């Protein structure tokens, strides 16, 4: 088995070495062994349940008995398009878009600093600061924010101390997005969504920016571009794949979340809550399924648009 | 972008073709360094630099890695600011002038082509930034591509090009802006030997026909000597010698220059005297030494030394012979036919003309 000519001791012939030999000669076998378990998982558990969900959305519910009628119909989708339900969808998509946009704007400078200027300890500190919120429980964070944003909470207290209370009151008196306090308004909901998903935006942007060689920025300046022009024509286009990846996270996570809007924000439902309520207390599985199809469609449209706009061209 | 800045004037001057640049070069000084220093922490990247680069010349900065030549280039481009001293470009001090306001363009070592733009958009990037219309800039871009022999590659992405082609795109992208000074940072480093030699010829021809000032950074002494009008040899952040290739090669002023440019034998004053030369620090070029078998009768007027052959290196038509002469190792570069039968360990006699021993500045 040994083709070497060196006068070194030959490793003991073991079962694992023979196994390695077999895999070395048959690369296809290795690939099969590595891919079958995840493919089974993805194929059956994930895609399978998605198809089941899709099928459910084409069933309907008997209005008198409340049982599911297992016959193909578009009745459920017609129900989905009723104004009250469209409201839920619209509200959620607007919230997700706003959260995504704000996250991208907030994340970019942070990611840019980390990718271009942070080295050694600063970089470690950066990763720690970004990742640490992800280590603690989601529920703990959301409840903590509820307390912080409450009428008598820390935010209001601090604002009162520095005399910024009129500003918060002004914000809260705004139509639609306002409310009696931050914790029961869309503004509060928006803030906490950003807090939760920001790391998912920062990390992909940072990864994309790290792959932009510093010499490209210098070359741009060398060719006469001001920092502003360099940012718009070189840095941003090359970071777009990262922004797109990050926005997939922030957008889809906001579209599907059903816990945060229960705890923070007004009593009106977001999409995730609608699914939760419909499949639980209301027992309307077909409509819940139809609602669950919406984020999939929205994401598909979003990704197609991003591709059209050239967000992935840098690859 | 304020186009009224004086340094930008060359870019906004209406001109029809890239070749129109071949106006006679403005006489005088393109770049002047006056006592310039740049430190990174405790590291003196460059220190006490004081030299002129003439307008229209091909000026090379030669030195080993870490000798400060690239820092020097970056100081001219504006990517670095000096900690002391003054740099002037065409008579104007450029302290505090950012790179995008300097009338110089750079060909980067890694080419730094924009991966999200095709070849033509890469080349016309500088013109687009200056607000030139699409038709006009694409015409100039195509001309620049023709200049570097890349017609037909306009729509390719940089990733689809070979190293040599990328290098040409980088060159066209810089030249299309008609810089007063073109900075080249080891642009041929990543190319294979044949391509490198071709590009050397083309670069030199281009520089001659455009009449531009080229500042060329390299660690390859052959490259520097074959292309340059003048060469500055860098070591440890300082310039050791500035001169024409002939001066640098034939009359080195310091041990570093003699050794780095062509691997000369450097003999201390006592050794030089023992071999019959002046009692000075002396450079003796390998190709000035002839190798013969021991006992060979040397013609009168020649100097000689006897020693033991240590190594005969194959170098194609030539052989590099290393001989130990009583503890002094001499390297000779001789025709293969001279040493056909020479084997390591055999005695041999070296001889050379006394004029081949070039006295240098003594070391402190």
| task | With respect to residue B:156, determine if the residue is modelled with pLDDT of 90 or more, in contact with a helix residue (DSSP H, G or I) (Cβ under 7 Å, 6 or more places away or on another chain) and within 12 Å of another protein chain (Cβ to nearest Cβ). | result | no
| query | Taking residue B:201 and the conditions (1) touching a residue at least 24 places away in the same chain (Cβ under 8 Å); (2) more than 10 Å from the chain's Cα centre (by Cα), which numbered condition does it fall short on, given that it satisfies the others? | reply | (1)
| message | I'd like to know if segment B:116-135 contains one or more residues that are surrounded by fewer than 19 Cβ atoms within 10 Å (Cβ to Cβ), within 14 Å of chain A (Cβ to nearest Cβ), over 18 Å from residue A:237 (Cβ atoms) and touching a helix residue (DSSP H, G or I) at 6+ places or on another chain (Cβ under 7 Å). | response | yes
| If you check residue A:259 against the conditions, is it at pLDDT 90 or above, surrounded by fewer than 16 Cβ atoms within 10 Å (Cβ to Cβ) and under 30 Å from residue A:143 (Cβ atoms)? | yes
| query | Of the conditions (1) within 19 Å of residue A:237 (Cβ to Cβ); (2) away from every other protein chain (no Cβ under 12 Å); (3) surrounded by 17 or more Cβ atoms within 10 Å (Cβ to Cβ), residue B:161 fails just one. Which one is it? | reply | (1)
| message | Just to verify a result, which residue in segment A:179-195, among those that are buried (at least 17 other Cβ atoms within 10 Å of the Cβ) and over 25 Å from the mean Cα position of the chain (by Cα), is modelled with the highest pLDDT? | response | A:181
| Can we say residue B:94 is more than 10 Å from chain A (Cβ to nearest Cβ) and under 18 Å from residue A:215 (Cα atoms)? | no
| field | Search result, residues across segment B:86-128 that are part of a loop (DSSP other than H, G, I, E, B) and touching a strand residue (DSSP E or B) at 6+ places or on another chain (Cβ under 8 Å) | value | B:90, B:91, B:94, B:95, B:102, B:103, B:108, B:109
| remark: Counting only residues that are surrounded by fewer than 20 Cβ atoms within 10 Å (Cβ to Cβ) and at the interface with chain B (Cβ under 7 Å from one of its Cβ atoms), segment A:234-247 contains a total of 1
| note | Picking from B:346, B:287, the residue that is more than 26 Å from residue B:251 (Cβ to Cβ), at pLDDT 90 or above, outside the structural domain of residue B:252 (by TED's automatic domain parsing) and touching a strand residue (DSSP E or B) at 6+ places or on another chain (Cβ under 6 Å) would be B:346
| request: Would you mind stating whether residue B:102 is more than 10 Å from every other protein chain (Cβ to nearest Cβ) and buried (at least 21 other Cβ atoms within 10 Å of the Cβ)? | output: no
| task | Out of B:109, B:167, report the one residue that is within 14 Å of chain A (Cβ to nearest Cβ), surrounded by fewer than 23 Cβ atoms within 10 Å (Cβ to Cβ) and within 23 Å of the chain's Cα centre (by Cα). | result | B:109
| message | Let me spell it out: the conditions are (1) in a helix (DSSP H, G or I); (2) more than 30 Å from residue B:263 (Cα to Cα), and residue B:70 meets all of them except one. Which number is the exception? | response | (2)
| field | The listed residue being in contact (Cβ under 8 Å) with a residue 12 or more places away in the chain and more than 7 Å from chain B (Cβ to nearest Cβ), out of A:190, A:231 | value | A:190
| field | Pairs with Cβ under 7 Å, 6+ apart, first in segment B:316-333 and at positive phi and free of Cβ contacts under 8 Å to residues at least 24 places away in the same chain, second in a strand (DSSP E or B) and loosely packed, with under 13 Cβ neighbours inside 10 Å | value | none
| Is it true that residue A:91 is surrounded by fewer than 16 Cβ atoms within 10 Å (Cβ to Cβ) and closer than 24 Å to residue A:274 by Cβ? | no
| query | Among the residues of segment B:71-81, is any surrounded by fewer than 18 Cβ atoms within 10 Å (Cβ to Cβ) and either within 14 Å of chain A (Cβ to nearest Cβ) or touching a strand residue (DSSP E or B) at 6+ places or on another chain (Cβ under 6 Å) (or both)? | reply | yes
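The values are calculated or read from the model by the stated rules, or taken from the named source; none is laboratory data. Just so it is clear, the model here is predicted, and its values are computed rather than measured. No Cβ is skipped: glycine too gets one built from the backbone with ideal geometry, and neighbour counts run over all protein chains shown.
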